[in-house]
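Visitor: Encoded as structure tokens, here's the structure I'll be asking about.
The values are calculated or read from the model by the stated rules, or taken from the named source; none is laboratory data. Just so it is clear, the structure is predicted and the values come from calculations on it, not from any experiment. Note that each Cβ is placed from the backbone with ideal geometry, even for glycine, and that neighbours are counted across all protein chains shown. Note: areas computed on protein heavy atoms with side chains; ligands, DNA, RNA excluded. Shrake-Rupley method; radii C 1.70, N 1.55, O 1.52, S 1.80 Å.
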Amino acid sequence: MTDALPFFAEVRVLRASDRPRLEGKLGGVLGITEPPDEATPPAYAVLLDGEEEVYTFLRDEIEPTGQMREQEDYY
């Protein structure tokens with residue numbers, strides 16, 4: 001299992017089969033779901049740079065860049 005990501009982690013979109021134009025974009029994690037059980041992986045709400053909509057991704061669809069963003073960048 002891949003490590004969970006914290007709020008405001010900077011991520012890059014690896015795969016977005018239903019939204020290919022998003023692949024490669026950077027953004028910040030603004031939300032994390034609370035799965036009902038251990039078998040269900042969390043999903044991440046990500047605000048991508050240059051986008052006004054928040055998109056939801058599974059962990060294997062995004063990768064961390066190693067950078068953290070600040071809460072003030074978004075709120």
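Visitor: Spot the failing condition for Arg19; the list is (1) of a type outside the set (Val, Ile, Thr); (2) more than 13 Å from the chain's Cα centre (by Cα); (3) open to solvent by 80 Å² or more (accessible area, probe 1.4 Å); (4) over 17 Å from Glu72 (Cα atoms), and only one is missed.
Guide: (3)
For every residue, the table says whether it meets (1) assigned to a strand (DSSP E or B); (2) modelled with pLDDT of 95 or more; (3) open to solvent by 40 Å² or more (accessible area, probe 1.4 Å).
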residue: Gly31; (1), (2), (3): yes, yes, no
residue: Glu34; (1), (2), (3): no, no, yes
residue: Ala39; (1), (2), (3): no, no, yes
residue: Ala45; (1), (2), (3): yes, yes, no
residue: Thr56; (1), (2), (3): yes, yes, yes
residue: Glu63; (1), (2), (3): yes, yes, yes
residue: Gly66; (1), (2), (3): yes, yes, yes
residue: Glu72; (1), (2), (3): no, no, yes
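Visitor: Sticking with this one: Kindly provide the set of residues from segment 19-29 that are touching a strand residue (DSSP E or B) at 6+ places or on another chain (Cβ under 9 Å) and not in a strand (DSSP E or B), ordered by number.
Guide: Within segment 19-29, Arg19, Leu22, Glu23, Gly24, Lys25 meet the criteria.
Visitor: Could you tell me which numbered condition Ala16 fails, if it satisfies all but one of (1) in contact (Cβ under 8 Å) with a residue 12 or more places away in the chain; (2) closer than 18 Å to Arg69 by Cα; (3) part of a loop (DSSP other than H, G, I, E, B)?
Guide: Unmet condition: (2).
Visitor: With the requirement that a residue be among the hydrophobic types (A, V, I, L, M, F, W, C) and within 16 Å of Asp3 (Cβ to Cβ), what does segment 20-45 give you?
Guide: Val29, Ile32, Ala43
Visitor: Does Gly50 meet the test of being at positive phi, assigned to a strand (DSSP E or B), open to solvent by 40 Å² or more (accessible area, probe 1.4 Å) and not charged (D, E, K, R)?
Guide: When the stated conditions are applied, Gly50 does not pass them.
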